[in-house]
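Below you'll find the structure I mean.
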Amino acid sequence: MKFLTQFLSLALLAGCVTMNSCTSKKETTEQKPGIEKTAYGQLPDGQTADLYTLHNADGMSASITNYGGIIVSLTTPDRNGKFEDVTLGMDSLAGYVKGTPYFGALVGRYGNRIAKGKFTLDGKTYSLATNNFGNHLHGGLKGFDKVLWTATPVEGDEPALKLTYTSKDGEEGYPGNLTVEVTYTLQKDNALKIDYQATTDKPTVVNLTNHTYFNLTGGAKRDILDHVVTLYADKFIPIDQTLIPTGKLQPVAGTPFDFTKPTVVGTRINDSTDTQIKYGGGYDHGWVLNGTGDSLKLAATVYEPTSGRVMEVRTTQPAVQFYTGNFLDGSVTGREGFPYKKRYALCLETEHYPDSPNQPNFPTTVLRPGETYKTTTIYQFSSKKE
Ligand code: BGC
């Protein structure tokens with residue numbers, strides 16, 4: 001009994017969440033699934049953020065902070081079994097607080113843009129922050145990426161982190177108290193599953209996503225122009241000069257937007273004869289996923305030839321925003337003092353179409369009391385020889 005008490009106090013001192021999580025670095029590489037919790041730092045308002053590292057049996061890990069629900073790192077194996085981080089991120093909480101272009105973050109209430117920061121719902125017009133060249137982007141000035149979520153670790157063979165947040169009626173201009181729950185689960189098959197759920201007490205609009213920047217070379221060794229991407233979409237969503245959808249959908253066939261077959265990202269990314277490439281400064285568009293209904297469908301496959309890493313993205317969402325880091329310009333110094341330059345990462349943000357609240361022909365993003373918003377996205381990692 002005395003021994004057990006001593007062991008428990010040691011475990012608590014080590015900052016472990018549960019017995020299962022008390023894995024030393026050595027045990028971790030022996031692939032014991034679990035969750036490790038460490039203090040991540042203090043926010044300017046005095047609140048403390050934590051960092052949760054989920055390990056699965058295959059050696060993959062996902063580090064997530066409850067500040068912004070940010071995925072701080074994701075280590076996945078290359079073709080020789082070497083685990084490296086495939087995300088862009090910062091060395092510390094302070095780096096995220098100072099500001100990043102949404103590295104790893106949970107985005108809400110509305111992922112991507114709402115034209116001129118205005119929308120009308122049931123006859124009432126709502127005004128939102130115009131934080132991106134006259135339009136509203138990623139939930140506004142203090143979106144879900146900048147709030148502290150309540151975290152509950154869930155132990156098991158497939159460790160999970162449940163994050164909850166209640167966004168007050170009127171927060172960032174949106175109507176309704178919105179109760180949000182996002183669960184990250186690190187699955188046995190090297191997949192990170194993200195389940196999103198939300199309810200409201202007034203009609204509102206919702207479009208949640210995750211904004212991880214991926215570079216499958218591991219450690220962002222070079223830009224992503226050699227990554228090979230397949231998007232399972234026959235149509236994309238053309239935009240105007242301010243990156244707002246025109247309201248039409250355009251077939252990808254015969255355009256630089258055709259990724260229906262595995263395609264090297266850099267091949268047509270600078271095709272200045274294409275107006276859409278010009279407006280996006282490269283790829284910064286929504287692709288309309290083939291297949292209908294709410295079931296999981298393959299949205300994208302990414303292959304990085306030098307490491308052999310592969311990522312498959314599955315989602316219940318109708319679209320994916322494929323963004324090639326066109327706005328990265330080296331001004332954000334990331335992990336280990338590394339400046340993240342133009343096109344050093346790509347994002348595959350699964351979501352509804354941008355500006356849906358103003359586009360009557362797009363699938364609706366309205367959530368009403370009594371309804372439950374529910375979506376799932378899975379990022380699955382593997383490798384292949386060549
Ligand atoms: C948008 C980009 C934006 C980036 C970072 C993407 O979802 O489409 O235009 O620069 O997020 O905010």
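One line per residue, one yes/no per condition, for (1) within 22 Å of Y174 (Cα to Cα); (2) surrounded by fewer than 22 Cβ atoms within 10 Å (Cβ to Cβ):
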residue	(1), (2)
Q47	no, yes
I71	no, no
D91	no, yes
G104	no, no
G111	yes, no
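Continuing with the same structure: Every residue in segment 130-148 that is touching a residue at least 40 places away in the same chain (Cβ under 8 Å), surrounded by 19 or more Cβ atoms within 10 Å (Cβ to Cβ) and in contact with a Lys or Arg (Cβ under 9 Å, 6 or more places away or on another chain), please.
N135, H138, F144
Still on this model: Taking segment 203-213, which residues are surrounded by 17 or more Cβ atoms within 10 Å (Cβ to Cβ) and either part of a loop (DSSP other than H, G, I, E, B) or touching a Leu at 6+ places or on another chain (Cβ under 9 Å) (or both)?
As a first pass, look at segment 203-213 and keep what is surrounded by 17 or more Cβ atoms within 10 Å (Cβ to Cβ): 204-213.
Within segment 203-213, T204, V205, V206, L208, T209, N210, H211, T212, Y213 meet the criteria.
I would also like to ask the following. Tally the residues that are within 14 Å of the ligand (Cβ to nearest atom) and either surrounded by fewer than 22 Cβ atoms within 10 Å (Cβ to Cβ) or not in a loop (DSSP other than H, G, I, E, B) (or both), restricting the search to segment 310-327.
Of the residues in segment 310-327, 7 are within 14 Å of the ligand (Cβ to nearest atom) and either surrounded by fewer than 22 Cβ atoms within 10 Å (Cβ to Cβ) or not in a loop (DSSP other than H, G, I, E, B) (or both).
While we're looking at this one, here's another question. Restricting to segment 155-180, give me the number of residues that are among the charged types (D, E, K, R) and buried (at least 18 other Cβ atoms within 10 Å of the Cβ).
2
Taking C347 as meeting all but one of (1) farther than 15 Å from I224 by Cα; (2) within 16 Å of the ligand (Cβ to nearest atom); (3) out of contact with any Pro (no Cβ under 7 Å at 6 or more places or on another chain); (4) hydrophobic (A, V, I, L, M, F, W, C), write down the number of the exception.
For C347, the exception is condition (1).
Further, regarding this structure: Under 20 Å from T375 (Cα atoms), touching a helix residue (DSSP H, G or I) at 6+ places or on another chain (Cβ under 9 Å) and among the aromatic types (F, W, Y) - does that describe any residue in segment 107-117?
Yes, segment 107-117 has at least one match.
OK, next. Looking at segment 350-357, can you tell me whether even one residue there is among the charged types (D, E, K, R), under 29 Å from G117 (Cα atoms) and surrounded by fewer than 23 Cβ atoms within 10 Å (Cβ to Cβ)? Don't jump to the end; show me each part of the working.
Residues of segment 350-357 that are among the charged types (D, E, K, R), as a first pass: 351, 355.
If we keep only those that are under 29 Å from G117 (Cα atoms) too, we end up with 351, 355.
Filter once more, keeping what is surrounded by fewer than 23 Cβ atoms within 10 Å (Cβ to Cβ): none.
No, segment 350-357 contains no residue that is among the charged types (D, E, K, R), under 29 Å from G117 (Cα atoms) and surrounded by fewer than 23 Cβ atoms within 10 Å (Cβ to Cβ).
Going by the structure shown, is T301 of a type outside the set (A, V, I, L, M), in contact (Cβ under 8 Å) with a residue 12 or more places away in the chain and within 16 Å of the ligand (Cβ to nearest atom)? Explain how you work it out, then say what you get.
Numbers: of a type outside the set (A, V, I, L, M): yes; in contact (Cβ under 8 Å) with a residue 12 or more places away in the chain: yes; within 16 Å of the ligand (Cβ to nearest atom): no.
No; evaluated as a whole, the condition is false for this residue.
Does segment 56-68 contain at least one residue that is touching a residue at least 60 places away in the same chain (Cβ under 8 Å) and within 14 Å of the ligand (Cβ to nearest atom)? Steps first, answer last, please.
From segment 56-68, those touching a residue at least 60 places away in the same chain (Cβ under 8 Å) are 56-58, 60-62, 64, 66-68; that's our starting set.
Those left that are additionally within 14 Å of the ligand (Cβ to nearest atom): 68.
Yes, segment 56-68 contains a residue that is touching a residue at least 60 places away in the same chain (Cβ under 8 Å) and within 14 Å of the ligand (Cβ to nearest atom).
Does T372 satisfy being on the phi < 0 side of the Ramachandran plot, without any contact (Cβ under 8 Å) to a residue 40 or more places away in the chain and in contact with a strand residue (DSSP E or B) (Cβ under 9 Å, 6 or more places away or on another chain)?
So T372 fails the test.
Rule-based calculations on the coordinates, nothing more; no lab input. Since the structure is predicted, the reported quantities are computational estimates derived from the model, not experimental observations. Every residue, glycine among them, receives a Cβ derived from its backbone with ideal geometry; neighbour counts consider all protein chains shown.
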